[in-house]
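What follows is calculated from the coordinates using simple rules that are stated; it is not laboratory data. Computed from a predicted model, the values in this text were never measured in an experiment. Note that each Cβ is placed from the backbone with ideal geometry, even for glycine, and that neighbours are counted across all protein chains shown.
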């Protein structure tokens, strides 16, 4: 039987008919039955029965779980950046050569990260020629690498970092609350000079 046949059948069928006296006495019948049931309930003696209430036990269990999680929880530290491999350093040197050849004296930084490469340019081609520096900073959202040079400011993740080099070829990176390299630095990064002949 399909929907159309069922629809025709339901339309052709008549509901059972009741005599008019049934409908006249129906409200009184319902009222009598309700009155009788309410009397039986009020006549019954109240009995105390033990009722298990789950709410206090659930609250106690939830509190115990929360305390356990707080004791076990340790803030996730971002991964420590790995040392640069020889092949990575070669590719960074090549990237720096090619980008600075396209924009001579104008490249402030090349940022390589999860969002893809970004080239940061100065407004005018008046930046000094300086040995390039590579630095990698890792945070909770991944690692980012910057190619830049001493005296430049780069934005890596959520930090604005100032990059400096010393006379011995060491790299110093600072931000508003840390200096790297330092034993108590909160900056988790690696940095070094790139060996490119200028």
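Using the count of nearby Cβ atoms within 10 Å as a rough guide to exposure, how do 92, 22 rank from fewest to most?
Ascending number of Cβ neighbours within 10 Å: 22, 92.
Checking a compactness column here: for segment 78-166, what do you get for Rg(Cα) / (2.2 N^0.38 Å), N being the number of residues?
Working: Rg = 12.8 Å, N = 89, 2.2 N^0.38 = 12.1 Å.
So the Cα radius of gyration is 1.05 times the expected 2.2 N^0.38 Å.
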